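Student: Following this message is one structure expressed as structure tokens.
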Amino acid sequence: MPITLTVNRTPRTIETDADKPLLWVLREELALVGTKFGCGAGLCGACTVLLDGEAVRACQTPIADAAGKAIVTIEDVASLPVGKKVVAAWTALDVPQCGYCQAGQIMSATALLSRTPKPSADDITAGMSGNICRCATYLRIRKAILEAAGEAA
Amino acid sequence: MSTVSLNRRSFIAATIAGGAALTFEARLTLARAAAGTGEPALLGAFIHIAPDNTFIIEAKNPEIGQGIKTMLPMLIAEELDVSWSQIRIRQADTNEKLYGMQIAGGSWATPFNWMPARQAGAGARQMLVLAAEKLWGVPAASLTTEAGEVIHKASGRRATYASLAPEAVKIAAPDLEKVPLKSPETFRIIGKSQPGVDTPAIVRGAPLFGIDTRLPGMVYAAMVKCPVQGGTIRQFSDALVRQQRGISAVVPVNSGEVPAGKHDAVLIVADSWWRANKVREKLTVEWDSAAQAGFSTAGYAKQAAALLGSAPQSSLFKAGNADAALARAAKTITADYAYPILSHATLEPQNCTALMHADGKLEIWAPSQWPAEGIKDVARVMSIAPEAITVHLTRIGGGFGRRLMNDYMVMVAQAAKAMPGRPVQLIFDRTDDMRNDYYRPGGWHRLIAGIDASGAMIALKDHFITFGAGGKPIRAAEMNAHEFPGPVIADVDYGMSFIATNLATGWLRAPTSNAMAFVFQGFLAEVAAAAGLDLPELMRRTLGGPKMLPRAEEGEPEFSTARARGVIDAVCKFASWTGKPSTVKGKGRGFGFYFSHRGYFAEVVDVTVADGAVKVDKVWVAGDIGAQVINPLNAEHQMQGAAIDGIAQALVWQPIVQEAGAVAQENFLDFPMMRIEMAPEDVAITWVKTDNPPTGLGEPALPPVIPAIANAIHDATGKRLRTLPLQMS
């Protein structure tokens, strides 16, 4: 069954299984490998993408549920004004260690700042708690979010 | 090519290629022999100068997030005297004959490459300077270099390195052991923060990691592995699997962990990993795992309890007569400590990509921390020549020691062999990854110390129950015979007893130290309390005057009591440590010290205990890794990462549970991970710079934080926790 959606501002029609998760469509069929597989169970946040502006776990989103929706992935997040600030802060503070989780972190941070432009410490914790960083770059993640929000100390 | 004397251990050769690009190849003797060979190891360093005077420096080691891909080229670039902005860094393939050891382990890269990498850069620079001397007829001593140019100040003449290439290849190769190096106060790159070279690619989602490997015609493999490690396949039926769409092969494989000729996993290969993974349930396998079914967490605990009450099976270290000294002690302190089996839980699941070419050559793309070992394993299991195997290194989504082992490489190579000409990518799902780890072994200790009337430690016994086979600890389950404070106590007795397991064990970041620091620094805090002291003061008294204590193993440096005291004093000052007990209910402060991986670290933590939950508020770290912090920005990263990783081991991670031989954990629900809400407000760092060559930072800051937390909980609540993870109820 062909499924039509918009990925990174480009309309796409995909012929695939309706239950195939968006994550694997991105990685296997659209050559967008920036979105990462971590746990396959919605527990780690490595596969976070924006679906109509909301942060969702691509590993838990059947492609059929994304039909007609607009997806933004790490590859194009900097096209959003908030995403651009987040990516700039992540680069300036050199947030990544291994870097594997950072696409998901950046997408969650972009969603957080889009709905809460001036987040409190609690807002940051609540917005980012679903994203695991095994290298524990959490201190720089907090700083980078504040910097992207224009709240850097 | 310039003349090269192969008799010389360390040399540099220059070659010029089409388009006048100049390449330097330096070969240097490493300080430490390659493991197991008994021969001095060589380091190869490669520098390419393009006609436009830009530079490519090869990064030889696997990058797991420790920053090595940035740091090693910094050393070369510094002495070559080019600007960091003029450089591109290229990841080298695996070739230990060319590059020397290529390993992300042991925090070794800094101590082993600090001199050779700089000498390589300095050797190339010297050849370029001598080329200018020859061309300009001025003495080399009157020439300086900067940003990839040779400069003659007196005449104002300048020449780019690239323009000197044709002359430089004619210069006799210098002896790299004698090439002058910069003095540290003139460093322009070393000691200056450099962001990670891959950061821009990471934040735009560029393909970098092993799992991102994409090759024309590539297919994907999912794994059905024996649920019990060490078990093998008796028989299997793939008829239902083969009926599914998109399936291209079903291949039984040997992970390298079971006897030759046996298989312990089946790889299902399909046009989509999602599809291959989904049809795993259609495979029927009868396993042969009776020999492993008796192993369980409950069984280990029962055996450990029985062994603790018996005499040790073997002696690890003995001095004087500990029993006699304990008998005359003014006070004795006895305590049992324990820590669990742990998984590594790298966020990028184990994966690997392989292609068997028609000529029998095997090409592999591997996120491996020790790829040369992988080549050996593949060659052994598949009976092919190591020379027929090429391994390309990818960026690695977390290592922590898991990827020092290469089972994924061995398995995918067999699938590639079954379908020559087709690249195959094997990906473990999270449960595969958690159940097929090389686990951090658990351990149990019974410690007895004696103090005299003055409060000085006069005797120490430890009975260490660990996982072993044949009367010896298995991989990563050992203990340093000279574990502090053994060497400074007159009457000591360290003994060991062993428990068998079917689990594969391995190295977890700061292996053995991550457990021993908790046991010994926790116990010494108890001894200190019995002596009416705080732990830093007991440590100072026990360390005594400046001296060197025996090395943990051959090739490692001795333990300097002066450097230990240096960081202990520094962290106490840095954190305004008073040693006075907490006066605020639920708030506590603790201290821990450890020397491992050549680094001296003392740490203080503040904790809050409320409603049975422990939260680390802040960590203070004092570290001595020698005279130079090479990349301060990344050093801060490693300190924060190591400290928070230690907090995870102390408070967040749950023991790996084994039932009937099989690991029970499935995912991050039953193996919880450190999340942002558990991260402290700050990890504050102070460096104690001493006149020693710089050492690595991936590991040594981790161990002390664990006992510091246990000690802080005691301060906050009066409760002494002796089992990891630390739980209030």
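The values are calculated or read from the model by the stated rules, or taken from the named source; none is laboratory data. For clarity, every value in this text was computed on a predicted model and none was experimentally measured. Positions of Cβ are backbone-derived with ideal geometry, glycine not excepted, and every protein chain shown enters the neighbour counts.
Student: Here's a check for you: in the stretch B:208-221, which residue that is within 28 Å of the chain's Cα centre (by Cα) and in a loop (DSSP other than H, G, I, E, B) is farthest from the other protein chains (Cβ to nearest Cβ)?
Tutor: B:THR213
Student: Restricting attention to strands (runs of 3 or more DSSP E) lying wholly within the stretch B:246-355, give those where 3 or more residues are touching a His at 6+ places or on another chain (Cβ under 8 Å).
Tutor: In the stretch B:246-355, B:331-339 are the strands (runs of 3 or more DSSP E) which contain 3 or more residues that are touching a His at 6+ places or on another chain (Cβ under 8 Å).
Student: If you take the residues of the stretch B:560-600 that are out of contact with any strand residue (DSSP E or B) (no Cβ under 7 Å at 6 or more places or on another chain) and small (Gly, Ala, Ser), which of them is nearest to B:PRO546 (Cα to Cα)?
Tutor: In this case the residue turns out to be B:ALA562.
Student: Sticking with this structure for a sec: Within the stretch B:188-207, count every residue that is of a type outside the set (Gly, Ala, Ser) and facing chain A (nearest Cβ under 7 Å).
Tutor: Here the count works out to 8.
Student: Just to be sure before I move on: is B:ARG403 in a helix (DSSP H, G or I) and crowded, with 20+ Cβ neighbours inside 10 Å in the structure I sent?
Tutor: yes
Student: Also, quick follow-up: Within the stretch B:437-447, which residues are part of a strand (DSSP E or B) and either within 9 Å of B:GLY506 (Cβ to Cβ) or of a type in the set (Val, Ile, Thr) (or both)?
Tutor: Across the stretch B:437-447, the qualifying residues are B:TYR439, B:ARG440.
Student: Give the number of residues within the stretch A:96-110 that are under 16 Å from B:ALA206 (Cα atoms) and of a type in the set (Val, Ile, Thr).
Tutor: 1
Student: Further, regarding this structure: If a residue has to be in contact with a Gly (Cβ under 8 Å, 6 or more places away or on another chain) and not in a helix (DSSP H, G or I) to count, how many in the stretch B:406-420 make the cut?
Tutor: Residues in the stretch B:406-420 being in contact with a Gly (Cβ under 8 Å, 6 or more places away or on another chain) and not in a helix (DSSP H, G or I): 1 in total.
Student: Quick test for you: out of A:GLY127, A:GLY99, A:GLY34, pick the one residue that is touching a strand residue (DSSP E or B) at 6+ places or on another chain (Cβ under 8 Å), within 11 Å of chain B (Cβ to nearest Cβ) and buried (at least 18 other Cβ atoms within 10 Å of the Cβ).
Tutor: A:GLY99
Student: Also: A:GLY127: touching a residue at least 12 places away in the same chain (Cβ under 8 Å) and in contact with a Ser or Thr (Cβ under 8 Å, 6 or more places away or on another chain), yes or no?
Tutor: Yes.
Student: Return the pairs, sorted by first residue and then second, in which the second residue is aliphatic (A, V, I, L, M) and surrounded by fewer than 20 Cβ atoms within 10 Å (Cβ to Cβ), the first residue lies in the stretch B:275-289 and is under 12 Å from B:MET223 (Cβ atoms) and modelled with pLDDT under 95, the beta carbons are less than 7 Å apart, and the residues are 6+ apart or on different chains.
Tutor: Nothing qualifies.
Student: From the residues in the stretch B:670-680 that are in a loop (DSSP other than H, G, I, E, B) and among the hydrophobic types (A, V, I, L, M, F, W, C), which one is nearest to A:THR125 (Cα to Cα)?
Tutor: Taking the candidates together, the pick is B:ALA679.
Student: Checking the condition surrounded by fewer than 23 Cβ atoms within 10 Å (Cβ to Cβ) and either among the charged types (D, E, K, R) or facing chain B (nearest Cβ under 10 Å) (or both), which residue from A:THR91, A:THR73, A:THR61 passes?
Tutor: Answer to the check: A:THR91.
Student: Moving on. Tell me the residue from B:GLY450, B:GLY397 that is at negative phi, in a loop (DSSP other than H, G, I, E, B) and surrounded by 24 or more Cβ atoms within 10 Å (Cβ to Cβ), please.
Tutor: Just one listed residue meets the conditions, B:GLY397.
Student: Quick check on A:VAL82: is it out of contact with any strand residue (DSSP E or B) (no Cβ under 8 Å at 6 or more places or on another chain), over 15 Å from A:ALA46 (Cα atoms) and facing another protein chain (nearest Cβ under 10 Å)?
Tutor: no
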